[in-house]
Amino acid sequence: MRVYVPLTLPGLAEAHKAGELEAESLVAYAVTPALREWYLSDDIEELEYAALNRAALASLRLLAADGGAARRRVVVAVDVPDRAAVADPDRGLDPTALGEVRIAGGVALAKAAAVHVDSDDAETDVAAAAEALAAADGGDDDAQFVVDGAEDHELLWFATQEIPNLVGLAD
C-alpha cells in the first residue's frame with residue numbers, strides 16, 4: 001500500500017540521518033474507504049493524488065506548529081504492507097481525518113518511493129497559509145482562501161536519491 005507521510009524539511013533531515021521515518025505511531029495518508037467515498041472516484045491515480053493532497057495539508061499543519069522550518073510542504077511516499085496502515089474506524093467520516101492512517105513503529109526511508117516538496121516559488125504562499133491555518137480552521141473564509149492559495153502549488157516530485165540535496169534546503 002502506498003502511504004503519504006507529511007513532514008517538514010527539518011523532519012526529512014532527521015529521517016535521512018536516522019535512516020527511517022520514526023514514531024511510535026506514524027501518521028500518514030492513503031486511499032482508505034472513507035477517502036474513496038468522499039472523493040467519489042474509482043480512478044486509483046486520482047485517489048492517490050487526493051491522499052497526497054491530504055498529506056500536503058497535514059504538512060502545512062506541521063509548518064504552522066514549527067515557525068523555524070523552511071516554508072515548504074514535504075510529503076514522503078512510502079510503500080508499506082497493507083496490514084501496516086490502519087485507519088481509525090471512529091474517525092473515518094471526520095472530514096479532518098479523511099485518508100488518515102497510522103503505522104505502528106518506524107518505516108525505513110529506503111522504502112520511500114519518492115519525495116514531494118514545494119518549489120521555492122511556493123514559499124510565500126505556503127508561509128501565508130501556515131499563518132492563516134488556525135483562522136481558516138475557525139471558519140474564516142478569507143483565511144481559507146489563503147490556505148487554498150498554497151494548495152494551488154503542485155508539489156514537485158523528487159527521487160529518493162535526491163534526499164541529501166533536499167535536506168540541504170532545511171538549513
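The values are calculated or read from the model by the stated rules, or taken from the named source; none is laboratory data. Here the structure is a predicted model, which is why all the values come from computation and not from measurement. Virtual Cβ from ideal backbone geometry, glycine too; neighbours counted across all protein chains shown. Side chains included, ligands, DNA and RNA excluded: accessible areas come from the protein's heavy atoms. Shrake-Rupley method; radii C 1.70, N 1.55, O 1.52, S 1.80 Å.
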Pick from region 71-87, criterion under 14 Å from residue 150 (Cβ atoms) and not charged (D, E, K, R), ranking: surrounded by the fewest Cβ atoms within 10 Å (Cβ to Cβ)
75
Going through region 147-161 one residue at a time, which ones are within 18 Å of the chain's Cα centre (by Cα) and either assigned to a helix (DSSP H, G or I) or in contact (Cβ under 8 Å) with a residue 60 or more places away in the chain (or both)?
147, 148, 149, 150, 151, 155, 160
Matching residues, region 93-119, being touching a strand residue (DSSP E or B) at 6+ places or on another chain (Cβ under 9 Å), over 24 Å from residue 166 (Cβ atoms), of a type in the set (A, V, I, L, M, F, W, C) and open to solvent by 30 Å² or more (accessible area, probe 1.4 Å):
104
